[in-house]
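Scroll down for the structure; my scribbles are underneath it.
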Amino acid sequence: MNPVLISRAAEQQDLDRIPNRTRLEVTCRGVRLMLELDIFHYGCDPREQEFRFTHPAPPFCRLFHFCGPVSPGAEIRTDGILHQLDAAGIYLLNAEHSFDVRYLPGSRLCYAHFRLVDRTRRSVFLDSPGLLRVEDSVTAACLERAWRSENPLAVQNAAAMAASLFLEPLLESLCERSELFAGFGPMLALLDTVPPAQLRISELAEAMNMTPGALSRSFRRRIGIPLKEFLNSIYLDRARELLFRSGGTIADAARMLGHRDVHYFYHAFRKLTGTSPGQYRENQEYFNGK
């Protein structure tokens, strides 16, 4: 059986869809970490026949668990290593790591497409291997109950519970990153009060008592991403949320983002996403390839 190629563009439909969002607060060494867990898509599917899929550099993480003590599971190749996935494990397939999967007949897969980010808007698993595995019978049972219930809140809670197992070994490094971010407190205060379309690096720099160039260099050196990229991510998150969740018009969304004219919104959104706000709103269908 030839594998089905699932293109990154197809998977982007999930990533662009405004997710079920859970805000997590974790304290480590006295440092408070603020994290966001976004679930884009989830389900529990029987695999009566063998299925093969190829996923080149997927843009989000996947949470996998196979239900039942005798579920044959799947085979996954990522980072040049072949892994056998069984019913005892809970698995995290990391974003940006290409993988080939062969689902074995007789399996029942519980899955979620998700993203877990800190205040840098980067995945907390950015530097982790392509496949992570943990065993925890209590969490596994919680996952199975949540997916059978098809209750979005139960799924969010179970996914957060599972994600915390993979998160625990990373807490020290995330605390260090959070402490670096704390040095930009005055700038972060503006981000929480100024509409994203009105954010200007010059004003952020003034709040930090720095020049714009010095702020941009300091942010990239300490946080690891360009300041402009970080601001764009805040803008897009808010824009997508307004387009998907609100019942208002595109002009309403533009105004809430801080645009004086809806045409500026069209230009900015197309420049960042390659599509117009109207096209984005019309194209909100889940992608069902797993």
Notebook entry, point to check: Which order do Cys28, Cys175, Cys110 fall in if you start with the one that has the fewest other Cβ atoms within 10 Å?
Noted result: Cys28, Cys175, Cys110
Notebook entry, point to check: Quick one: Karplus J couplings for segment 114-121, per residue in order, coefficients 6.51, -1.76, 1.60, θ = phi - 60°, nearest Hz, x for Gly and Pro?
Noted result: 8, 9, 10, 10, 9, 5, 7, 6
Notebook entry, point to check: Any idea what the alpha-carbon Rg over 2.2 N^0.38 Å comes to for segment 183-282?
Noted result: 1.15
Next item on the list: List, largest first, the extents of the alpha carbons of segment 75-176 along their principal axes, each in whole Å.
Entry: 44, 36, 20
Note to self: List the residues, sorted by chain then number, that are 5 or more residues from Phe60 or on another chain and whose placed amide H is less than 5 Å from its amide H.
What the structure shows: Glu96
Next item on the list: At a temperature of 4 °C and a viscosity of 1.567 mPa s, determine how fast the chain diffuses translationally according to Stokes-Einstein, using the Kirkwood radius over alpha-carbon pairs as Rh; express D in µm²/s, rounded to the nearest whole number.
Entry: 63
Next item on the list: Return the distance in nm (one decimal) between the two label points of a simple spin-label model at Met161 and Ser137, each offset 7 Å from Cα along Cα→Cβ.
Entry: 1.5
Check: In deg cm²/dmol, rounded to 500, what helix-only [θ] at 222 nm does the chain give when every DSSP H run of at least 4 residues adds -39500 (n - 2.57) and the total is split over its residues?
Finding: -12500 deg cm²/dmol
Checklist line | Label-to-label distance, nm, for residues given as Asp192 and Val70 (7 Å Cα→Cβ offset) | finding: 5.5
Margin query: Restricting to Cα pairs below 8 Å that are 6+ residues apart, what does the relative contact order work out to for the chain? Please round to a whole percent.
Written below: 17
Notebook entry, point to check: Could you state the principal axis extents of the C-alpha atoms in segment 4-171, from the largest down, to the nearest angstrom?
Noted result: 48, 33, 28
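Report the relative contact order of segment 4-171, percent, no decimals, based on alpha-carbon pairs under 8 angstrom and at least 6 residues apart.
Details: 360 pairs, mean separation 41.7, N = 168.
Result for segment 4-171 is 25 percent.
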Next item on the list: Kyte-Doolittle cut-off 0.5, length cut-off 15 Å along the helix's own axis using Cα: show which whole DSSP H helices in the chain pass.
Entry: 152-167
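Bear in mind these aren't lab numbers, they're just calculated from the coordinates by the rules spelled out. Worth saying up front: this structure is predicted, and the values here are computed from it rather than measured. A quick note on method: Cβ atoms are made from the backbone with ideal geometry, for glycine too, and the neighbour counts reach across all protein chains shown.
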